[in-house]
Structure formats: C-alpha cells, structure tokens
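Structure first, commentary second.
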Amino acid sequence: MWLNGREVGEIGVDAAIAAEYKIPVVMVSGDDKTCAEAQSWIPGVVTCQTKKGTGPQSADLVPVEESRRLITQKTKEALAKRNEIRPIKIDHPATIRWDYLPKGSLRTHNPFVQTG
C-alpha cells in the first residue's frame, strides 16, 4: 500500500486512522519489520521487538516470558513518554493505493521482486 505516495503497511495506516481522532500511537510491539515501520512513521514511538520475521509466514520468536517482560517494560517506557509523542500528520485529501497480489505470487515470497 501507499499513503500519499509513501509506501505504508498496517502500522502506518493504523497510526493515520488514530491521528484522525487526535490519538498518538506511543508503543508498538511485533516483529522487526513492524518495529521498523513504526519508527519510520511515528516520531518518538517506543517499539518492542518480540520476534524476527524470517519469511511470509515464519519468524524466530523471543521466548514467551522474555516477551512478557519486554512488553511490560516498553509499555511503561511509552506511557512515561505519552505527552511527548504526537499524532502523525497526514496531508489531506489523502490518497491510498493498494496493490493486490495473488496468493503464492513471487512478491509475497521474495522481497526483492518488485511490482510495477
């Protein structure tokens, strides 16, 4: 997907929706790609990486007890910063482009394959 010409995933879209209601996203938890997207879209956001994506349907996970500890720690950190983090700014009128790919297409399995 692209939001106003900038590539975006679900984190950026959700942050944009929250921004419409003047709500900042202060903490995001997920895999390495989720955390990277959050940091690129939301200045100051606290991220908590609980897994590393290894493929479209696979990941190396942080053990559950460690994940719980990390999520608790990062949530406390985010709440302490909540007044410093602003909702993201989206220019209006906003445009979104969504390219649909058939299940099993090369692009869903190989991040180096570009669609046009």
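Could you report the chain's accessible area per residue, 1.4 Å probe, as an integer in Å²?
In whole numbers, the chain has 71 Å² accessible per residue.
Have a look at Glu84, Glu37, Glu65 and tell me which one the Gaussian network model of the chain (Cα, springs below 10 Å) gives the largest fluctuation.
Glu65
Quick check on the chain: of the DSSP beta bridges with both residues there, what percent are antiparallel, nearest 5%?
Antiparallel bridges: around 60 percent, rounded to the nearest 5.
Which of Val28, Val13, Val45 moves the most in a Gaussian network model of the chain with Cα springs under 10 Å?
Taking springs between Cα atoms under 10 Å, the residue moving most is Val13.
Just to verify a number: FRET efficiency for Trp98 and Lys52, C-beta to C-beta distance, R0 = 35 Å, to 0.05?
Given R0 = 35 Å and the Cβ-Cβ separation, E is 0.85.
To make sure I understand the rule: partners must be lysines, Cα under 16 Å from the Cα of Lys89, and not fewer than 8 residues away in the same chain. Which ones qualify?
Lys22
Given springs between every Cα pair under 10 Å in a Gaussian network model of the chain, which of Gly55, Gly12, Gly30 has the largest fluctuation?
Among Gly55, Gly12, Gly30, the largest mean-square fluctuation in the Gaussian network model of the chain belongs to Gly55.
Considering only protein heavy atoms and a 1.4 Å probe, what is the carbon-and-sulfur percentage of the accessible area of the chain?
Reported share for carbon and sulfur atoms: 56 percent.
Summing Lys, Arg as +1 and Asp, Glu as -1, what charge do residues with Cβ under 12 Å from the Cβ of Asp14 carry, Asp14 excluded?
Result for the local shell: -3.
Check cross-link reach from Lys51 to the lysines: straight Cα distance under 17 Å, and skip same-chain residues fewer than eight apart.
In chain and number order, the partners are Lys33, Lys74.
How large is the charge dipole for the chain, taken about the Cα centre, if only the Cβ atoms of Lys, Arg (+1) and Asp, Glu (-1) carry charge, to the nearest 20 debye?
That gives the chain a dipole magnitude of about 180 debye.
Full extension from Ser40 to Glu20: what is 0.36 nm times the residue separation minus their Cα-Cα distance, to one decimal in nm? Don't skip to the answer; put the middle values down first.
Details: separation 20, 0.36 × 20 = 7.20 nm, distance 1.87 nm.
Difference between extended and current length: 5.3 nm.
Apply the a/c threshold of 1.5 to the C-alpha gyration tensor of the chain and tell me whether it is rounded, prolate or oblate.
Oblate, because a/c is 1.5 or more while a/b does not exceed b/c.
Expressed in nm to one decimal, what extension gain is obtained for the pair Leu79 and Ser67 from 0.36 nm per residue of sequence separation less their Cα-Cα distance?
2.5 nm
The values are calculated or read from the model by the stated rules, or taken from the named source; none is laboratory data. Because the structure is a prediction, the values reported are computed rather than measured. Neighbour counts run over all protein chains shown; Cβ positions are idealised from the backbone, glycine included. Heads up: the accessible areas ignore ligands, DNA and RNA and are worked out on the full protein's heavy atoms, side chains in. Shrake-Rupley method; radii C 1.70, N 1.55, O 1.52, S 1.80 Å.
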